[in-house]
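Taking it in order: structure first as structure tokens, then the write-up.
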Amino acid sequence: MPPEVRFTSDRFTVSRFDLAKVGAITYFKSFWWFALTIPLFGIFAFAFGTGILRAIGAMAILWPLTIPGRAFLASSKSSRLFTRGCKVLGDETALYFQGDNNDGMKLVRESFRRIESQGDLDLVHTRRLGVIPIPKAAWSEADYAAFRAELTEWQNDLSRA
């Protein structure tokens with residue numbers, strides 16, 4: 001017998017721009033030290049290097065500017081689901097994202113890492129360094145409480161393990 005659905009969101013969409021913005025911000029938050037050291041190396045290489053080392057330094061200085069573009073490209077597959085519209089259903093084992101065109105995805109409990117709030121979005125972080133944005137406005141009050149309670153339980157189970 002399959003688990004019982006504990007919560008269901010209303011249909012929502014997330015724009016491609018918002019998906020890329022969330023991806024870029026999450027990257028900077030997670031790897032700030034990397035996004036800082038590469039340009040610092042670039043400054044020293046550009047200032048004190050010659051020839052090819054100076055060119056590498058210039059590219060290293062500009063490298064952080066490519067992160068939003070790479071986040072936009074990385075969100076291309078998931079954007080098909082989120083820009084067309086989907087809803088979230090959940091039980092104690094997984095979150096199910098059901099799209100309008102019979103497409104969707106499943107996030108099993110073992111793939112979950114944490115949840116955080118960012119403005120009007122809840123960001124569900126996965127073990128594969130993915131981020132799934134879910135608008136808070138997509139929930140009724142009772143379903144949102146059940147959603148947050150379930151994912152908080154998942155998060156607490158991870159911290160105990």
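Listing for the model above:
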item	result
Electrostatic dipole magnitude of the stretch 28-101 [Cβ: Lys, Arg +1; Asp, Glu -1; Cα centre; debye, to 20]	260
Candidate aspartates and glutamates - alpha carbon under 14 Å from LYS106, same-chain residues fewer than 8 apart omitted	ASP91, GLU92
Top of ARG128, ARG16, ARG148 by mean-square fluctuation, Gaussian network on the chain, Cα under 10 Å	ARG128
Estimated translational D of the chain in µm²/s (Stokes, Kirkwood radius over Cα pairs; 20 °C; 1.002 mPa s)	122
Among ALA74, LEU107, GLY57 the positive-end extreme of the charge dipole of the stretch 1-116 (Cβ point charges)	GLY57
Candidates GLY99, GLY90, GLY51, ranked by Gaussian network fluctuation over the chain, Cα under 10 Å, top entry	GLY51
GNM flexibility winner over the chain from THR93, THR126, THR37 (Cα, springs under 10 Å)	THR37
Computed magnitude of the charge dipole of the chain (debye, nearest 20; Cβ of K, R +1, Cβ of D, E -1)	760
The chain, relative contact order [Cα under 8 Å, separation at least 6], %	27
MRE, 222 nm, helices only [DSSP H, n ≥ 4, -39500 (n - 2.57), over the chain, to nearest 500]	-16000 deg cm²/dmol
Karplus (6.51, -1.76, 1.60) ³J(HN,Hα), θ = phi - 60°, over the stretch 98-113, in Hz, Gly and Pro reported as x	9, x, 6, 9, 6, 10, x, 8, 10, 10, 6, 4, 5, 8, 7, 10
Charge tally in the Cβ shell below 15 Å around ARG80, where Lys, Arg are +1 and Asp, Glu are -1, ARG80 excluded	0
Measure of compaction for the stretch 20-71 (Cα Rg per 2.2 N^0.38 Å)	1.24
Calculated on alpha-carbon atoms, Rg and Dmax of the stretch 64-117 in Å	13.5, 40
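Values in this text are rule-based calculations from the coordinates and carry no lab data. Here the structure is a predicted model, which is why all the values come from computation and not from measurement. Cβ atoms come from the backbone with ideal geometry, glycine included; neighbour counts cover every protein chain shown.
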